Amino acid sequence: MEKEYLIVGLTVGYMLKVMKSKKTISKFKEEFAAIRHGDYVEFINLINEPIPEMVVHERGKIEVNPPLKNNDIDMIQIVKAGPSLNKFQKLCFQEYGGINDSDISDKIFYEVAIFELSLRVHANNRKLLEPRDNFETVIIVVSESFDLNDKDKNQLQRGRRFLNMIKHFNNQFDSWETGTKEFLKASKILDKYKLTIL
């Protein structure tokens, strides 16, 4: 069965590619910060596309087309953000165009985006975070809450270092190939502990 790609991962993955290319992202800095930190309410308010029609069942209560709420679980917020994500991706592509990257495939950019978003989803769903906690903190609190062993905790942090290498290259690894290998090991830990989005 073909893997289904989430618009949130495609959009953030593309923006990571833009950042790695050293293009200026100041035009969309607020939007990108909101989406990367899992602040979907802020992101939707910035882009301002309509929320799709939906039915939500929670604790025996059914809501049809519920309004945007800060206390929605992340998956509901991601679905509500779908039209805004689509619009944002188009705006970004109009601004930056196609970017060829010889170091990292589009699939890896996507997976790096989903890596951070997945861990934030699980941290948010367990109410482990303060607003805009950094990714290092996210990994620490998720590791504690899900009882990860030290080896896996450290590997997740190496995955984070690869994300940082994309955003602001500072010799986090001796090559993009080494960084990618370390990231893929970290990504497998999400499956091991059922920390994926889907």
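Listed values, structure above:
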read-out: Per-residue SASA entry for LYS22, accessible area with 1.4 Å probe, Å² rounded to 10; value: 140
read-out: For the stretch 147-163 and the stretch 63-102, distance of Cα centres in Å; value: 27
read-out: Computed magnitude of the charge dipole of the chain (debye, nearest 20; Cβ of K, R +1, Cβ of D, E -1); value: 240
read-out: Principal axis dimensions, largest first and in whole angstrom, of the chain by Cα; value: 52, 43, 37
read-out: Dipole axis of the chain (+1 Lys, Arg; -1 Asp, Glu on Cβ), positive-most option in ILE47, LEU6, ASN134; value: ASN134
read-out: The stretch 6-120 - charge dipole about Cα centre, Lys and Arg +1 at Cβ, Asp and Glu -1, debye rounded to 20; value: 220
read-out: Positive-end extreme of charge dipole, the stretch 64-117 - chosen from GLN94, VAL64, PHE115 (charges on Cβ); value: VAL64
read-out: Candidates ASP74, ASP101, ASP174, ranked by Gaussian network fluctuation over the chain, Cα under 10 Å, top entry; value: ASP174
read-out: Coil-residue chymotrypsin sites (Phe, Trp or Tyr not before Pro) of the stretch 1-104, DSSP, other Cβ within 10 Å capped at 13; value: TYR5
read-out: 1.4 Å probe accessible area per residue over the chain, in Å²; value: 55
read-out: Net charge contributed by nearby residues that have their C-beta within less than 13 Å of LYS188 (K/R +1, D/E -1); value: +2
read-out: Eligible lysines near LYS61 by straight Cα distance, threshold 20 Å, same-chain separation 8 or greater; value: LYS69, LYS80
read-out: Low-density loop positions, GluC sites (Glu not before Pro), the stretch 38-92 - DSSP coil, at most 14 other Cβ in 10 Å; value: GLU53
read-out: Among GLY179, GLY97, GLY159, residue whose mean-square fluctuation peaks in a GNM of the chain (springs only between Cα atoms under 10 Å); value: GLY97
read-out: For the chain, built as a Gaussian network whose Cα springs stay under 10 Å, the top-fluctuating residue of ARG36, ARG158, ARG132; value: ARG132
read-out: Cα gyration tensor category, rounded, prolate or oblate, for the stretch 47-162 with a/c compared to 1.5; value: oblate
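The values are calculated or read from the model by the stated rules, or taken from the named source; none is laboratory data. If you're wondering where the values come from, they're calculated on a predicted model, not measured in any experiment. Reconstructed Cβ throughout: ideal geometry from the backbone, glycine too, with neighbour counts over all protein chains shown. Surface areas here come from the heavy atoms of the whole protein model, side chains and all, with no ligands, DNA or RNA. Shrake-Rupley method; radii C 1.70, N 1.55, O 1.52, S 1.80 Å.
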